[in-house]
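Q: Next up is a structure, given as structure tokens.
The values are calculated or read from the model by the stated rules, or taken from the named source; none is laboratory data. These numbers come from a predicted model, not from an experiment. Every residue, glycine among them, receives a Cβ derived from its backbone with ideal geometry; neighbour counts consider all protein chains shown. Side chains included, ligands, DNA and RNA excluded: accessible areas come from the protein's heavy atoms. Shrake-Rupley method; radii C 1.70, N 1.55, O 1.52, S 1.80 Å.
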Amino acid sequence: PYKLRDDKIHPFSKIVAVADVYDALTNRRPHVNSSMSPAAAIRMMQSMDGKFDPKVFKTMEKIKK
């Protein structure tokens with residue numbers, strides 16, 4: 001947000017970004033007919049190059065395995 005550099009973004013915000021996208025992909029929503037499996041969600045997030053803090057994302061991957 002606001003074109004902030006990595007060192008200016010609070011670590012909590014980086015964690016919330018990963019968790020929010022994972023939650024959106026894996027949970028059913030009223031406007032979406034189905035949800036993704038955890039593995040499919042992680043693969044999709046991996047394809048979003050540079051969107052997430054690498055350290056935070058790697059930690060989430062380890063937890064989900």
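Q: How big is the chain by the Kirkwood estimate over distinct Cα pairs, in Å? Could the numbers behind the result be given before it?
A: Values: mean 1/r = 0.0786 Å⁻¹.
Result for the chain, one decimal place: 12.7 Å.
Q: For Cα pairs less than 8 Å apart in space and 6+ apart in sequence, what is the mean separation divided by the residue count of the stretch 6-65, i.e. the relative contact order in percent?
A: 35
Q: For a quick check: with amide H placed at 1.01 Å from N, whose amide H comes under 5 Å from Met36's, ignoring anything fewer than 5 positions away on the same chain?
A: Amide H neighbours of Met36, under 5 Å, 5+ apart: Thr26, Asn27.
Q: Among all lysine pairs in the chain that are eight or more places apart or on different chains, how many have alpha carbons less than 18 angstrom apart?
A: Number of lysine pairs found: 11.
Q: Using +1 on the beta carbon of Lys and Arg, -1 on that of Asp and Glu, and nothing else charged, what's the dipole of the chain about the Cα centre, debye to 20? Before the final figure, lay out each step's value.
A: Numbers: 13 positive and 7 negative charges, 19 e Å.
It works out to roughly 80 debye.
Q: Moving on. How much of the accessible area of the chain, probe 1.4 Å, is carbon plus sulfur, in whole percent?
A: So the carbon and sulfur contribution to the accessible surface is 58 percent.
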